[in-house]
Amino acid sequence: MNLKNIILASESKRRVQLLEELKIPFKAVASPFKELSFNEFDGGPTEFALFNAQKKAEEVAKNSKNAFVVGMDTIGEYKGRVFEKPNDRDHAKEMIGELNGTTHNVITGVCIIDTDSEEIVSAAEITKVTFSQLSDNEIESYLDLGEWRGLACGYGIQGIGALFIEKVEGDYFNVVGFPIHRFYHLMKEMGVNLLEFMPEIR
């Protein structure tokens, strides 16, 4: 049995790194789909993440053959407000200020498309993240480092932002942006056991 090509519809460094660690051949292709903002979407946060993930995958699947195309979208949610990628430093400050000292949700929508059969499977992973109470000086110092750029909620758990996280309830990798466990089980729904394609560890 030969595994079809796996195409990650993203060039996110963090997603690419996590998939590389599984030692499965794949290629990363940036999706041309322009993500909607939540205020343009008629639905809830989970449906929003799933919608963007599927649209990203669909755009890449149009030009792909013999492949499983994987789309993902990660957002934050707290009290019904959705936190996407900040537009600038002030926006990141507003986000972190609102999440400061709270427990919020990180939601990743995952969609996989089989380009041959056109079968689509999708699911969302939700992880609870508890932030410690940061001083104004801590927030300003963190923002000065620039890690907030391009990251949902304006922080990175796999980087300096880990200093401020008291507790994670659920899949840690989901907060990074690639829920590996969910990906594995969605591939099983497609009839693929990824373990069969991983190299032996010596």
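Assorted remarks:
- Taking the criterion of being free of Cβ contacts under 8 Å to residues at least 12 places away in the same chain and within 14 Å of Lys85 (Cα to Cα), the only residue of segment 35-57 that qualifies is Asn39.
- Here segment 181-193 is the region considered, the condition is being in a loop (DSSP other than H, G, I, E, B) and either of a type in the set (A, V, I, L, M, F, W, C) or touching a residue at least 24 places away in the same chain (Cβ under 8 Å) (or both), and the residue that is surrounded by the most Cβ atoms within 10 Å (Cβ to Cβ) is Val192.
- Matching residues in segment 134-181 - criterion: being in contact with a Leu (Cβ under 9 Å, 6 or more places away or on another chain), hydroxyl-bearing (Ser, Thr, Tyr) and within 21 Å of Ala124 (Cβ to Cβ): Tyr155
- Answer from Glu196, Glu169 - the residue that is farther than 23 Å from Asp88 by Cβ, in contact with a Lys or Arg (Cβ under 7 Å, 6 or more places away or on another chain) and surrounded by fewer than 16 Cβ atoms within 10 Å (Cβ to Cβ): Glu169
- If you go through segment 161-180 and keep only what is in a helix (DSSP H, G or I) and either in contact with a strand residue (DSSP E or B) (Cβ under 6 Å, 6 or more places away or on another chain) or over 21 Å from Pro45 (Cα atoms) (or both), you end up with Gly161, Ala162, Leu163, Phe164, Asn174, Val175.
- Some residue of segment 35-52 being buried (at least 18 other Cβ atoms within 10 Å of the Cβ), in a loop (DSSP other than H, G, I, E, B) and either over 15 Å from the mean Cα position of the chain (by Cα) or of a type in the set (A, V, I, L, M, F, W, C) (or both): no
- Scan of segment 58-92 for residues that are outside any strand (DSSP E or B) and under 13 Å from the mean Cα position of the chain (by Cα), ordered by number: Glu84, Lys85
- Hits in segment 93-109 (condition: among the small types (Gly, Ala, Ser), in contact (Cβ under 8 Å) with a residue 40 or more places away in the chain and not in a strand (DSSP E or B)): Gly97
- The single condition among (1) more than 22 Å from Glu84 (Cβ to Cβ); (2) surrounded by 15 or more Cβ atoms within 10 Å (Cβ to Cβ) that Leu163 does not meet is (2).
- Total residues in segment 59-102, condition under 30 Å from Leu194 (Cβ atoms) and aliphatic (A, V, I, L, M): 7
- Scanning segment 111-160 for residues that are part of a loop (DSSP other than H, G, I, E, B) and within 19 Å of Val82 (Cβ to Cβ), we see that the one that is nearest to the chain's Cα centre (by Cα) is Leu151.
- Answer from Val121, Val60 - the residue that is crowded, with 20+ Cβ neighbours inside 10 Å, on the phi < 0 side of the Ramachandran plot and in contact (Cβ under 8 Å) with a residue 24 or more places away in the chain: Val60
Bear in mind these aren't lab numbers, they're just calculated from the coordinates by the rules spelled out. Since this is a predicted model, take the numbers as computed values, not measurements. Virtual Cβ from ideal backbone geometry, glycine too; neighbours counted across all protein chains shown.
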